[in-house]
1. Using the 2.2 N^0.38 Å rule of thumb for compact globular proteins, work out how the range 206-310 stacks up: its C-alpha Rg over that value, please.
2. Put a dot 7 Å past each Cα toward the Cβ at Val481 and Gln433; how far apart are the dots in nm?
3. Ala202 versus Ile58, label points 7 Å from Cα toward the beta carbon: distance in nm?
4. Going from the alpha-carbon gyration tensor of the range 367-446, what semi-axes, largest first and in whole Å, does one get by taking the root of 5 times each eigenvalue?
5. Strictly over 23 Å apart at the Cα level, which of Lys151/Lys278; Lys278/Lys335; Lys314/Lys357; Lys104/Lys158 would you flag in this model?
6. Quick one: if the Förster radius is 22 Å, what FRET efficiency do Thr169 and Glu280 give, using the C-beta to C-beta distance and rounding to 0.05?
7. Just to verify a number: FRET efficiency for Arg324 and His354, C-beta to C-beta distance, R0 = 25 Å, to 0.05?
8. May I ask for the Rg/Rh ratio of the range 258-397, computed from Cα atoms with Rh as the Kirkwood radius, given to two decimals?
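The values are calculated or read from the model by the stated rules, or taken from the named source; none is laboratory data. A quick note: this is a predicted structure, and the numbers were derived from the prediction, not measured. Neighbour counts are summed over all protein chains in view; Cβ atoms, including those assigned to glycine, are modelled from backbone coordinates with ideal geometry. When the accessible area is computed, the model is the full protein with side chains, heavy atoms only, and any ligands, DNA or RNA have been set aside. Shrake-Rupley method; radii C 1.70, N 1.55, O 1.52, S 1.80 Å.
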Amino acid sequence: MLIYTAHRRLVYVGRLISMAGLVVLLLGVSGAHAQAGGGAQGSMDLTTAIRQVAKQTIPAVVHIEVTERQTVPNPFSPFEQEPSFRYFFDLPHNMPKNFKRAVKGLGTGMFMDAQGHILTNHHVAGGAAKIEVLLANGHTYPARLIGTDPKTDLAVIKIEAKEALPSVTFGDSDAIDVGEWVVAIGHPRGLDQTVTHGIISAKHRRGISDPSSYQDFLQTDAAINPGNSGGPLLNLRGEVIGVNAAIASQTGGFEGIGFAIPSNMAVYVAKALMAHGKVERAWLGVSVQEVTPEVARSIGMEERKGALVAEVVKGGPAEQAGLRQGDVVIAYGDKETADASALRNAVAVTPVGHEVKVTVWRGGQQQTLTVTVRNLAEASKALLATAGARLGIEVHPVTSQEAERYGLEPHQGVAIARVAPDGAMGKAGLEVQDILLAIDGQPIDNAESLADLTAALQPQQRITVLALDHRSGNTGDVQVVIDLPTPAASHAATTAGGVLAA
């Protein structure tokens, strides 16, 4: 099974770009004359309800076309010094290591307000050099990027229009039930104003793609196809309860397993982007793992739930509040903690500086502690120190000279400043001045993103690092085995599943 990200991209080099990751799309199912629960409105005819939702929402849904500038490695660069290649292919001296090309992409968005703010996906609008928005009435406007949040795959763009702009209404995604009917509107494969419907198949789907991202997807069986990314998923009252984001598919098209970002998470992120251009997240100062049945039995828990604390950052909020390695967080604030991802997501949407009651299972009984969460950005030094210990390196941002020399984009990769010969990276053969570009296909934008990616690594885990050799300028994949120390709390902590930083 493959996970695809959504919007359709067309490459101006005569072929489609091969992409690993998510395909963002929309929904469709059957059920013409069934009866559906209409919430406060009571029972209603499904066909009538869908027609009303479509008529109400279509004017607020927009078609987005983006143009990106991509850097493509020169395929002849590795053979620049080979005389035979130079002769037979007539290669010039001082060939560029990279070429630029334009890539067009299609996606969907929705008006959040009458001021022209549009909610869509990061993978639709993030990194776009040009954004154009087509309204339902046929009018086209240029748009500018207000802010983007890769960790939730959300973005906000804005147009300036003198005409009246309709907007969607957001509902409570926590209140929707499995089996409830939903309607999707978008532009699959460029087909404007497409309306489909289905049901909610499951809730709280996590770990679908990047383990270091904030995921809490709604799953739907509705048809989702390329071009629907960023479109609304609505209940039968016409309220947006999700933003379509991804599908599980072997073909890249609809196979009945689609995912949408819950509206509660989307609204929180969108408001932060509109206010500050970025999302300010809270930090608890722990790394957590899943609680397996074996772990639950060993610590006297009757059911498997919560998040096992694998590490407590020295000087962090959790340590100051009294959390310990081996504790199991079973409640955060006024909500029970289902698993490690649930804790991570809950911490992320907590206002910085806020006091939170954290209930833990320790020594066979519950204890409640009070934690004052801090800004995640302020914790970068501690996170970087942890990342350095796990990888056996120290890094620094790529300088402008290095970026120009190797043809890198701004904020692409980090350079190795020091490497321990007996560390994970040293054993893999990486050297000082080599540049790290990605881990397991996830790009490294800066030192903080490197720390974030390594927070999810397990002991003896094998990862694939995309690195640039500082001697030749060539890039390639390097296999690295992470040699993390076994947590002292218990052996179970080393086998409890993926580690997530909160």
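1. Dividing the Cα Rg of the range 206-310 by 2.2 N^0.38 Å gives 1.35.
2. 3.0
3. 3.4
4. In descending order the semi-axes read 28, 18, 11 Å.
5. Correct reply: Lys278/Lys335.
6. On the way: r = 26 Å, r/R0 = 1.19.
The calculated FRET efficiency here is 0.25.
7. After rounding to 0.05, the efficiency reads 0.70.
8. That ratio equals 0.99.
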